[in-house]
Every structure is written in structure tokens, then in C-alpha cells.
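To start, the structure itself, in C-alpha cells.
The values are calculated or read from the model by the stated rules, or taken from the named source; none is laboratory data. Since this is a predicted model, take the numbers as computed values, not measurements. Glycine gets a Cβ as well: all are built from the backbone with ideal geometry, and neighbour counts include every protein chain shown. The accessibility values were calculated without ligands, DNA or RNA, using every heavy atom of the protein model including side chains. Shrake-Rupley method; radii C 1.70, N 1.55, O 1.52, S 1.80 Å.
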Amino acid sequence: MIQAKAYAAQTPTSDLQPWNLQRREVGDHDVQFDIRYCGVCHSDLHQIRNDWFPGIFPMVPGHEIVGKVTKVGPLVRKYKVGDTVGVGCLVDSCRVCDECKEGLEQYCTNGHSQTYNGLEQDHKTPTYGGYSNTIVVHEDFVLKVSDKLDLPAVAPLLCAGITTYSPLRHWKVGKGHKLGVVGLGGLGHMAVKFGAAFGAEVTVLSTSAGKEADAKKLGAHKFVVTKDEKQLKSVKGYFDFIIDTVSAEHDMNVYLGLLRTDGVMICVGVPSKPAPIAPFSVIVGRKSFAGSSIGGLPETQEMLDFCAEHNIVSDIEIIAMKDIMPSYDRMLKGDVKYRFVIDMATL
Ligand code: NAP
Ligand code: ZN
Ligand code: ZN
């Protein structure tokens, strides 16, 4: 086994603390890499706190992982030592269901292996994520990262990036569309960048008036403070698409009211409690309320290549591993500009 250093939560109420774990030996098709940076996703905090479901503890979060290959198995064809690579939210899947065959591993009907708080395909061995110095992953779930981009700023593309890229591509959001982005955090700021890159008119719908200048710099055309009734009313029935990235409980009916006829609201944020939707919110105007989960492996690679071509990365604040708990506190207050990324050299 390979000894690895990490930060783990031992229970759903404990802080993250240093913890040593063992990774499997590098198998025939495995890639081992030194983790250089790992993004901090709001899902990390939801999961260590059991916000959604009982998790597997000890838990090592982190699914926005980038680094340099240190070892490859004898049958690995795609990577060699020294390559810059990434791993997102998935480290394996059944590979035989229709969804897996289509490259939609995020919807694997036999249960994929999440990068952490999940189980390997033996359905027994827990997975441990990227708040760690090294990881071993099957080459099929490792992504190529261009050396043209700033490495720490690439890390959040592996979750925040693909989670917003995938639905915008699926619903073909682009020129001539009005897109509303609810919540300007990690996911939201990437939705703004991709929406603008695809040619849509982008409006940020935020609870934080102070984020307006940043939103415009990120590519938004308009900014609406959702706590201001007058501003909210000005965009009633306005949007073709809304992507909702909010992590906390909020009234989704308000945003459905901002869609035009046949508009689609795409939910990607995952508050811990169910959200009531009034039937009239979707009946009037034949609206759709939809959801989307991360993205499959082929689309994640497509997104990374698109970012390299268009020079798109995340706006980040680099933190030391020991500062993870105060960073979570700031994330809860909406005070992230716009993604924390852990420098793993500080582990
Ligand atoms: P984040 O960086 O904390 O951003 C969330 C933003 O939501 C905040 O910056 C804030 O923006 C807004 N917000 C927070 N509390 C709010 C409230 N009470 N009412 C209204 N707005 C509020 O989080 P993130 O990492 O982007 O993740 C967002 C959510 O997506 C999380 O629930 C996460 O688990 C989920 N997620 C889902 C997927 C998927 O596959 N579907 C993948 C990754 C993450 P403003 O200040 O602009 O209002
Ligand atoms: Zn995430
Ligand atoms: Zn499958």
C-alpha cells in the first residue's frame, strides 16, 4: 500500500484534522499523481456535516484535484510521468450500463464511485478525496490538463466548471438567450464565464449587492440584487434559462417567476432540505424545472479543452491546508471570491 497524508473529518461534527491513509498500489491501468492543488467545493462542507445523507467516516473531502503524474501502471497508455492531470468527482463507474457507455458516468445506473465519501466498484472499499498529497486513479478517470493554464485556477474546473458547463451545453444555451445565474459563488461564477463565452446575455441574481462589479468583470451583462423587490420585478418573465447554484434553503418559486413562457430553470445547488414548488409556478407559462449533476468523463475533458482554448479558469484565493475550517466559515457567509483552492505544499 502507498502511505498518503491527508486532512479528514473523523465524525460529522468534528473539524478537519491531519490523518494518514493508505492508497492502493498502482495497478496495471492506474495513474498515481502528486496532488498540487485541490479546490474547496460547498459539497465538501455539506458532506462532512451529513447535510444530505449519512457519510462514510473518516472522510477526506476534495474533488477538484490537479497535479503531476509520478507513476503509471504497465498498461497505462494515456499518461506518462510528469504529465499535468486532474481528477473530478468520479474515480470509477460500472462501465457497462447504457449511461456509462454514452459517457454519462455521473448517471451510472449501477452506482459510480465518487472521489470521496463513496465506495470503489467492489462496493466495499471507501474512497478518499483530494485534501491529500497523492492519489491513485484508473487512467480512464484521469483528465488531461493543459500546461497553458494557471494550475491552481484550473482545479475548480473539475467540479464547479463541469457542473455549470454540462447543463448549459445540454440545453444549448447561447446566442439570443437570456440566462440568469442565481448565486455568485464557486459554481455561479463559472456559470457566468461559460454563459458569456457561449454568447448568452448573462444576468447575475445575487443576495450580495457588493458583488456587482465582480459579476461584470466575470462577464455578466446585468446584475440584480434579489433582496430588492423593485430590481427583482424588473426581470419578471425575462429569462429563457436560469441556473440555480444556491447552497442554502431559498424560495425557488421566486425564480420560476422570472422565466418567460417555456423557460427552463436548472437546479444544480443542493440545499439540505426539500424545496416546495407550487404547481402554478410551472403550469403558468409551461415552464420546466430541471436538474443536472456534474458531468461525464468525455464532457469534462471537452470542457477542459474548451477552457484551454478560450483561456478560461476560475477566480481563486489560495489557502493553506490548516486554514480550511475558517475558509468553510467564510463560504457559509457567501464570502468567497470565487473559489478557495488549497495549496497542497502546505499539507
Ligand atoms: P458557494 O461557493 O458557497 O456559492 C453559493 C452561493 O449561493 C453563495 O455565494 C451565495 O451567492 C448564494 N447563497 C448562499 N446562501 C444563500 C441563501 N440563503 N439565499 C440565497 N443565496 C444564497 O457554493 P458552490 O461550491 O458554488 O456550491 C453551490 C451548491 O451547488 C452547493 O449546494 C453544492 O453542494 C452544489 N453542487 C452541486 C453539484 C451538482 O452536480 N449538481 C456540483 C457541485 C456543487 P450570492 O452572495 O451571490 O447570493
Ligand atoms: Zn463539487
Ligand atoms: Zn454504469
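Suppose the filter is closer than 27 Å to CYS38 by Cα, among the hydroxyl-bearing types (Ser, Thr, Tyr) and away from ligand 2 (no atom under 16 Å from the Cβ); does SER206 pass it? So SER206 passes the test. Filtering the stretch 197-213 to residues that are surrounded by fewer than 21 Cβ atoms within 10 Å (Cβ to Cβ) and under 20 Å from the mean Cα position of the chain (by Cα) leaves ALA197, PHE198.
For HIS189, the criteria (1) within 16 Å of ligand 2 (Cβ to nearest atom); (2) open to solvent by 30 Å² or more (accessible area, probe 1.4 Å) hold in every case but one, which is (2).
Only one of the numbered conditions (1) touching a Leu at 6+ places or on another chain (Cβ under 7 Å); (2) farther than 23 Å from ASN311 by Cα; (3) surrounded by fewer than 21 Cβ atoms within 10 Å (Cβ to Cβ); (4) of a type outside the set (S, T, N, Q) is not met by VAL225, and that is (1).
For the stretch 25-37, the count of residues that are in the same structural domain as ASP150 (by TED's automatic domain parsing) and closer than 19 Å to PRO326 by Cβ is nonzero. Within the stretch 298-330, the residues that satisfy the criterion of being open to solvent by 20 Å² or more (accessible area, probe 1.4 Å) and in contact with a Leu (Cβ under 8 Å, 6 or more places away or on another chain) are GLN301, ASN311, VAL313, ASP315, MET325.
Entry remark, the stretch 237-270: residues being open to solvent by 10 Å² or more (accessible area, probe 1.4 Å) and in contact with a Gly (Cβ under 6 Å, 6 or more places away or on another chain) number 7 in total. When the stretch 142-161 is filtered for residues that are surrounded by fewer than 20 Cβ atoms within 10 Å (Cβ to Cβ) and farther than 16 Å from ASP343 by Cα, the ones remaining, listed by number, are LYS144, SER146, ASP147, LYS148, LEU149.
Number of residues in the stretch 165-186 that are touching a Gly at 6+ places or on another chain (Cβ under 7 Å) and within 16 Å of ligand 2 (Cβ to nearest atom) equals 4.
The single condition among (1) away from ligand 2 (no atom under 15 Å from the Cβ); (2) within 24 Å of ARG339 (Cα to Cα); (3) surrounded by fewer than 21 Cβ atoms within 10 Å (Cβ to Cβ); (4) within 20 Å of the chain's Cα centre (by Cα) that HIS46 does not meet is (1). For SER132, the conditions (1) surrounded by 17 or more Cβ atoms within 10 Å (Cβ to Cβ); (2) farther than 24 Å from PHE57 by Cα are fulfilled apart from (2). Applying the criterion of at least 2 residues that are aromatic (Phe, Trp, Tyr) to the strands (runs of 3 or more DSSP E) found wholly in the stretch 111-216 leaves an empty list. For the stretch 79-97, a residue qualifies if it is away from ligand 3 (no atom under 16 Å from the Cβ) and open to solvent by less than 90 Å² (accessible area, probe 1.4 Å), and the qualifying residues are TYR79, GLY82, ASP83, THR84, VAL85, GLY86, VAL87, GLY88.
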